[in-house]
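Input: a single structure, listed below in structure tokens.
The values are calculated or read from the model by the stated rules, or taken from the named source; none is laboratory data. Quick caveat, the model's predicted, so the values are computed rather than measured. With ideal geometry, Cβ positions are generated from the backbone for all residues, glycine too; neighbour counts draw on all protein chains shown.
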Amino acid sequence: MARPGFPRTIMEFQDRFAPDAACLDYLAASRWPEGFICPGCEGRRAWVLERRHLWECSACSLQTSVTAGTVMHATRTPLRTWFWAAYLVATHHPGISAKQLQRQLGLSRYETAWLILQKLRRAMVAPERSPLAGEVEIDEFWLGGYEEGLKGSRQHGKKALVGAAIEVRGAGSGRLRLQVLANSRAKTLEAFTKATTAGGAIVHTDGLNSYAGLAKLGFEHRPRKQKGAAPDDQTLPRVHRAISNLKAWMHGTHRGVSNEHLPVYLDEFVFRHNRRGTPMAAFQTLLGLGATHNPTTYDEITAPRQAA
């Protein structure tokens, strides 16, 4: 049995998910598309305890939370608020900031909006996603604003080094991967390539020596030498276009992002890019992915993260 259908308009969404009970039913149908199965006795019948988001098995009385293991685990925020947040995140093309989300949902505290967004972003990466295949363009770049007192391209200050890999789909682009990198040494870039790209793929890079060992790792490496230093160089057009779009999105929607939380913002951009052809269905995908992740606590979200 397939997961439940998705509302096609904002009016349909508003009518369908007006009460929390409707959200609870939808989440249960998404999580258990074949019908409820009790984790204790495998019973198929249950009573719904709406106020506590619980399903109670009619055979053994075991209570199972429909939000357990999802981004909404142990939440005190109404499910309807979560659904609207997921809808806005998934369907608003430029993305949405915590301040905008707070205003749109009428939340009294900025911290609530920020935490909701952080949890949703952590549900955007499917653990079982397949590596990029076919032909792939790979490059690395510095992400961050202008800093006074820096001289030359080697001085990066507080900027973050990010790796980008994108599939070649004819004249267009396929799936994208982004990852914060510790440095641009061969070991780091080779690890990024192996983590994002299937063995045997054709890999296009620039002439950086750090990529020279890719052929020995089983990739068909095709380095492209830059012709001059023109800013509009088309050595790697697809990955450069994705990098440009990322920078515009980061500046236009979020203004500034700390390096500690940068990885989840990169995950959000990848989520949007890879689902740009089906933005309305991204909401359903987001809730489905959320059920495959372990619950994320506030302490885990705010803990410092190390570059790969």
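Within the stretch 102-116, identify whether any single residue is within 30 Å of Lys247 (Cα to Cα) and touching a residue at least 60 places away in the same chain (Cβ under 8 Å), and answer yes or no.
yes
Collect the residues in the stretch 213-227 that are in contact (Cβ under 8 Å) with a residue 24 or more places away in the chain and loosely packed, with under 15 Cβ neighbours inside 10 Å, keeping them in residue-number order.
Correct list: Leu217 only.
Check Arg8 against each of (1) free of Cβ contacts under 8 Å to residues at least 40 places away in the same chain; (2) surrounded by fewer than 17 Cβ atoms within 10 Å (Cβ to Cβ) and name the one condition it does not meet.
For Arg8, the failing item is (1).
Within the stretch 189-200, how many residues turn out to be surrounded by 19 or more Cβ atoms within 10 Å (Cβ to Cβ) and more than 14 Å from Ala133 (Cα to Cα)?
Qualifying residue count for the region: 2.
One residue is enough: does the stretch 104-116 have a residue meeting the conditions assigned to a helix (DSSP H, G or I) and touching a Pro at 6+ places or on another chain (Cβ under 9 Å)?
no
Looking only at the stretch 156-165, filter to residues that are farther than 21 Å from Gly134 by Cβ and of a type in the set (Gly, Ala, Ser); which one of those is surrounded by the most Cβ atoms within 10 Å (Cβ to Cβ)?
Restricting to residues being farther than 21 Å from Gly134 by Cβ and of a type in the set (Gly, Ala, Ser), the top hit is Ala160.
If I ask for residues that are assigned to a helix (DSSP H, G or I), in contact with a helix residue (DSSP H, G or I) (Cβ under 9 Å, 6 or more places away or on another chain) and among the small types (Gly, Ala, Ser), which ones from the stretch 1-56 would you list?
If the condition is that a residue be assigned to a helix (DSSP H, G or I), in contact with a helix residue (DSSP H, G or I) (Cβ under 9 Å, 6 or more places away or on another chain) and among the small types (Gly, Ala, Ser), then Ala21, Ala22, Ser30 are the ones that fit.
For the stretch 166-183, name all the residues that are under 21 Å from Asn259 (Cα atoms) and crowded, with 17+ Cβ neighbours inside 10 Å. Even if it seems obvious, please write down each step before you answer.
Filtering the stretch 166-183 for residues under 21 Å from Asn259 (Cα atoms) gives 176-183.
Of everything in the stretch 166-183, those that are under 21 Å from Asn259 (Cα atoms) and crowded, with 17+ Cβ neighbours inside 10 Å turn out to be Leu176, Arg177, Leu178, Gln179, Val180, Leu181.
Out of the residues in the stretch 71-96 that are of a type outside the set (A, V, I, L, M, F, W, C) and in contact with a Phe, Trp or Tyr (Cβ under 9 Å, 6 or more places away or on another chain), which is modelled with the highest pLDDT?
Out of the qualifying residues, it is Arg80.
Scan the stretch 213-224 and tell me whether some residue there is under 20 Å from Leu266 (Cβ atoms) and either modelled with pLDDT of 95 or more or touching a Pro at 6+ places or on another chain (Cβ under 7 Å) (or both).
Scanning the stretch 213-224 turns up no residue that is under 20 Å from Leu266 (Cβ atoms) and either modelled with pLDDT of 95 or more or touching a Pro at 6+ places or on another chain (Cβ under 7 Å) (or both).
Taking interchain pairs and intrachain pairs at least six residues apart, which have beta carbon atoms under 8 angstrom, with the first residue in the stretch 11-40 and assigned by TED's automatic domain parsing to the domain that holds Ala59 and the second among the small types (Gly, Ala, Ser) and not in a helix (DSSP H, G or I)?
Pairs that qualify, where the first residue is assigned by TED's automatic domain parsing to the domain that holds Ala59 and the partner is among the small types (Gly, Ala, Ser) and not in a helix (DSSP H, G or I), are Ser30/Ala291; Arg31/Ala291; Pro33/Ala2; Phe36/Ala46; Ile37/Gly43; Cys38/Ala46; Cys38/Ala59.
Taking the stretch 28-68, which residues are within 30 Å of the chain's Cα centre (by Cα), surrounded by 15 or more Cβ atoms within 10 Å (Cβ to Cβ) and either farther than 16 Å from Arg80 by Cα or aliphatic (A, V, I, L, M) (or both)?
Listed by number, the residues that qualify are Ala28, Ala29, Arg31, Trp32, Phe36, Leu54, Trp55, Thr64, Ser65, Val66, Ala68.
Quickly run through the stretch 270-279 and pick out the residues that are in contact (Cβ under 8 Å) with a residue 40 or more places away in the chain and surrounded by fewer than 16 Cβ atoms within 10 Å (Cβ to Cβ).
If the condition is that a residue be in contact (Cβ under 8 Å) with a residue 40 or more places away in the chain and surrounded by fewer than 16 Cβ atoms within 10 Å (Cβ to Cβ), then Pro279 is the only one that fits.
Give just the number: which of (1) modelled with pLDDT under 80; (2) surrounded by fewer than 18 Cβ atoms within 10 Å (Cβ to Cβ) does Ala282 not satisfy?
The single condition Ala282 does not satisfy is (2).
Out of (1) modelled with pLDDT of 80 or more; (2) surrounded by fewer than 17 Cβ atoms within 10 Å (Cβ to Cβ), what's the single condition that is false for Leu143?
Only one criterion is unmet by Leu143, namely (2).
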